[in-house]
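Asker: Here you go, one structure.
Only the coordinates and a few stated rules stand behind these numbers; no lab work does. Treat the numbers as computed from the prediction; the structure is a model and nothing was measured. Quick reminder, even Gly has a Cβ in these numbers, built from the backbone with ideal geometry, and neighbours come from all protein chains shown.
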Amino acid sequence: MKIWYQYGSEHSANLVMIGHFKSADNVTKAKEIIDALAKQVREEESNGSLTIGHPSERYSDTMLDLLGKLNINSIGSGELEQLVYDVHIEAQENDLILTTDEPDISAFLKIMVDKGARVEVYSAHNYPDTAYGRGR
């Protein structure tokens with residue numbers, strides 16, 4: 001007899017994260033950091049040095065250089081894959097709005113807070129009257 005020790009998820013979090021920044025410049029900086037890190041993660045995934053679903057315990061030399069250049073030191077190597085999950089990110093004036101069905105969003109949170117955001121996080125399932133979330 002085999003016993004299955006894993007669990008499943010329907011990926012139905014319908015999470016909304018809104019970073020409220022003091023200026024549109026900070027929104028742009030945070031978005032650029034997210035885009036640059038996501039690009040590097042995709043490159044490392046395509047060349048086989050990173051496997052999504054099996055978080056690395058180490059940073060690649062290229063990733064370390066990029067994190068240093070971007071002055072980001074709070075994201076763990078295991079959090080990097082979050083940057084290529086199925087997320088939608090939109091800049092609106094002084095807000096950076098992220099919507100996703102994924103529950104793992106700590107990398108995005110750390111970037112937003114590091115760049116000066118006041119961050120609001122909620123499930124659009126519980127607050128369907130908001131302007132964000134799946135189905136809007």
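Asker: Suppose R0 equals 41 Å; then what is the FRET efficiency for ASN47 and ASP129 from their Cβ-Cβ distance, rounded to the nearest 0.05?
Answerer: With R0 = 41 Å, the Cβ-Cβ based efficiency is 0.40.
Asker: If you don't mind, another one. Summing +1 for each Lys or Arg and -1 for each Asp or Glu, what net charge is found among the other residues whose Cβ lies under 12 Å from the Cβ of ILE89?
Answerer: -4
Asker: Quick one: if the Förster radius is 30 Å, what FRET efficiency do ASN71 and SER12 give, using the C-beta to C-beta distance and rounding to 0.05?
Answerer: Plugging the Cβ-Cβ distance into 1/(1 + (r/R0)^6) gives 0.30.
Asker: List the lysines whose Cα sits under 28 Å from the Cα of LYS22, skipping any in the same chain fewer than 8 residues away.
Answerer: Qualifying lysines at Cα under 28 Å: LYS31, LYS39, LYS69, LYS110, LYS115.
Asker: Okay, next question. What's the magnitude of the charge dipole for region 20-119 around its Cα centre, counting Lys and Arg as +1 and Asp and Glu as -1 at the beta-carbon? Answer in Debye, nearest 20.
Answerer: 420 debye
Asker: For an R0 of 25 angstrom, estimate the FRET efficiency from the Cβ-Cβ distance between ARG118 and GLU32 and round to the nearest 0.05.
Answerer: 0.80
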